[in-house]
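Novice: My questions will all concern the structure given below.
The values are calculated or read from the model by the stated rules, or taken from the named source; none is laboratory data. Note that the structure is predicted; figures quoted are calculated from it, not measured. Cβ sites come from the backbone with ideal geometry, for glycine too, and all protein chains shown count toward neighbours.
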Amino acid sequence: KINSIQRDWREGAVVETGRNLDFAIIGQGFFEVYLPDGNLGYTRSGVFHIDPDGYLVTAQGYPLTVPFEIEPDIQEIVVSPDGMVTGKTLAGETVEIGYWPVYNFVNPEGLEAIGDNLYIATEASGEPWEGMPGEEQLGIIKQGYLENSNVELAEEIANLIEAQRAYQINSRALQVADEMWSMTNNLRR
């Protein structure tokens, strides 16, 4: 019987995508998004787009809670590791847009998964706290990168093969024991 399932919050490998609107958090932290029901959700998935209103949204279309919007004359945004967001206009000027906070929890294991790489806060996770990237034990934001899964495929396949072999050995041991009991029962006759 399974008592509990725990998520592994270790950081996955960070890979360069070269896409300007891909972001990874190096270290602890989550991006905060508005869910359709009005609640707040949290994700480490950094694949974002700009919607027609100038807001950063997830791949599923959920808007981020960042305190800025991207004006139509902004050609490209640049996010520094400490969360400062600047934009390059069509005229070639650099303008400051705002800052991008990240969020964390006292107990991230208590977050409830709701699908699409989204989590919601629960009593077990505690309330989220906001901070600037790189401060208060929060990770930094890395633009043009995404975090891969933290699952080591080779290790997990080796564990699966090991479990399969153990099952086969135990099954064979039961079969041999059954044969021995059968022989013992036949000796009495």
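Novice: Picking from V151, V176, which residue would you name as being over 22 Å from the mean Cα position of the chain (by Cα) and at pLDDT below 90? Please lay out each step first, then the result.
Specialist: On the way: V151 fails: over 22 Å from the mean Cα position of the chain (by Cα).
Result: V176 is the single residue among V151, V176 that is over 22 Å from the mean Cα position of the chain (by Cα) and at pLDDT below 90.
Novice: Among the residues that make up region 130-137, is at least one of them under 30 Å from Q6 (Cβ atoms) and small (G, A, S)? Quick ask: steps written out before the conclusion?
Specialist: Just the residues of region 130-137 that are under 30 Å from Q6 (Cβ atoms), to begin with: 130-137.
With small (G, A, S) added as a condition, the list becomes 131, 134.
Yes, the conditions are met somewhere in region 130-137.
Novice: Could you please give the count of residues in region 68-109 that are in a strand (DSSP E or B), within 25 Å of the chain's Cα centre (by Cα) and either among the hydrophobic types (A, V, I, L, M, F, W, C) or loosely packed, with under 13 Cβ neighbours inside 10 Å (or both)?
Specialist: From region 68-109, those in a strand (DSSP E or B) are 74-79, 84-89, 94-99, 102-104; that's our starting set.
Filter again for within 25 Å of the chain's Cα centre (by Cα), leaving 77-79, 84-85, 98-99, 102-104.
Pick out the ones that are also either among the hydrophobic types (A, V, I, L, M, F, W, C) or loosely packed, with under 13 Cβ neighbours inside 10 Å (or both) and you get 77-79, 84-85, 102.
Counting residues in region 68-109 that are in a strand (DSSP E or B), within 25 Å of the chain's Cα centre (by Cα) and either among the hydrophobic types (A, V, I, L, M, F, W, C) or loosely packed, with under 13 Cβ neighbours inside 10 Å (or both) gives 6.
Novice: Sort through N117, N107 and tell me the only one that's of a type in the set (S, T, N, Q) and touching a residue at least 24 places away in the same chain (Cβ under 8 Å). Please lay out each step first, then the result.
Specialist: Working: N107 fails: touching a residue at least 24 places away in the same chain (Cβ under 8 Å).
After applying the criteria, what remains is N117.
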